[in-house]
Amino acid sequence: MKKWLIPLIVVVVIAFGLYRWAVGFNNTAVEYQANAKTAWSNVESTYQRRNDLIGNLVKTVQGAADFERGTLTDVIEARAKATSTTIDANNLSAEQLAAFQEAQTGLSSALSRLLVTVERYPDLKANQNFLELQSQLEGTENRINVARDRFNGAVNTYDIHIKKFPGSLLAGMFGFEEMPRYEAAPGSENAPEVNFDFNN
């Protein structure tokens with residue numbers, strides 16, 4: 001066996017090992033990133049469900065005689081802002097998430113005020129359609145919390161993968177960047193109050 005052949009074989013084996021490692025890192029990062037994007041889509045989907053329910057709630061409330069129009073208008077405007085604030089999952093940024101969160105928090109606040117105002121309307125409080133929508137909204141708020149937690153979990157898995165050494169050496173070369181997490185506003189860990197005692 002020629003002397004130059006052994007170093008060549010060693011170099012080829014090392015190069016192949018590095019190639020396999022790089023491919024493995026890249027494929028895993030792609031998978032984790034896709035999971036995080038899917039998780040974000042699920043967050044948006046749950047918020048969309050809430051927006052749809054709020055739209056139906058508004059229609060029900062609009063039928064009530066002499067209902068406070070200002071309160072209703074606030075909800076309609078907040079809902080319009082929330083539905084117009086969207087994020088491309090391929091370009092998630094902390095600024096975009098903050099804007100999305102601000103719009104959703106504004107809608108939550110307007111909805112809470114609306115539901116408190118309903119207390120003064122016995123006919124609305126007894127309306128079966130209204131009660132059903134309230135119940136669905138409460139369930140949807142729980143779904144939103146679960147979806148946000150799952151998104152943050154998926155982002156965490158992806159971020160750890162691309163930041164751990166030695167994978168971090170390849171992350172920049174392959175264009176993998178840290179993804180932002182959903183950070184709720186202070187106090188937003190409490191779902192808007194959509195449950196009332198209708199026996200009063």
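Things worth noting here:
- The C-beta contact set for region 136-153 (first residue of a type in the set (S, T, N, Q), second residue part of a helix (DSSP H, G or I), distance under 7 angstrom, 6+ apart or interchain) comprises Gln136/Leu53; Thr140/Thr46; Thr140/Arg49; Thr140/Arg50; Thr140/Leu53.
- If you go through region 170-183 and keep only what is surrounded by 15 or more Cβ atoms within 10 Å (Cβ to Cβ) and of a type in the set (A, V, I, L, M), you end up with Leu170, Ala171, Met179.
- In this entry, Thr60 is excluded by the filter for residues that are farther than 30 Å from Ile160 by Cβ, loosely packed, with under 13 Cβ neighbours inside 10 Å and not aromatic (Phe, Trp, Tyr).
- Listed by first and then second residue, the pairs with beta-carbon distance under 7 Å, at least 6 apart or on different chains, first residue in region 86-109 and within 15 Å of Glu177 (Cα to Cα) and among the hydrophobic types (A, V, I, L, M, F, W, C), second modelled with pLDDT of 85 or more and crowded, with 17+ Cβ neighbours inside 10 Å, are Ala89/Lys37; Ala89/Trp40; Leu92/Trp40; Leu92/Met179.
- Scan region 1-45 for residues that are in a helix (DSSP H, G or I) and loosely packed, with under 10 Cβ neighbours inside 10 Å and the total you get is 2.
- Selection count, region 118-134, where residues are touching a residue at least 12 places away in the same chain (Cβ under 8 Å) and in a helix (DSSP H, G or I): 10
- Just one of the numbered conditions (1) in contact with an Asp or Glu (Cβ under 8 Å, 6 or more places away or on another chain); (2) within 19 Å of Asn56 (Cβ to Cβ) is not true of Gln101: (2).
- Residue ID - modelled with the lowest pLDDT, chosen from residues in region 52-89 that are touching a helix residue (DSSP H, G or I) at 6+ places or on another chain (Cβ under 6 Å) and more than 23 Å from Lys125 (Cβ to Cβ): Ala89
- Residue match in region 54-72 (condition: over 15 Å from Ala110 (Cα atoms) and in contact with a Lys or Arg (Cβ under 8 Å, 6 or more places away or on another chain)): no
- Residue that is surrounded by the most Cβ atoms within 10 Å (Cβ to Cβ) [pool: residues in region 75-104 that are assigned to a helix (DSSP H, G or I) and of a type in the set (Ser, Thr, Tyr)]: Thr83
The values are calculated or read from the model by the stated rules, or taken from the named source; none is laboratory data. Treat the numbers as computed from the prediction; the structure is a model and nothing was measured. All Cβ positions, glycine included, derive from the backbone under ideal geometry; neighbour counts span all protein chains shown.
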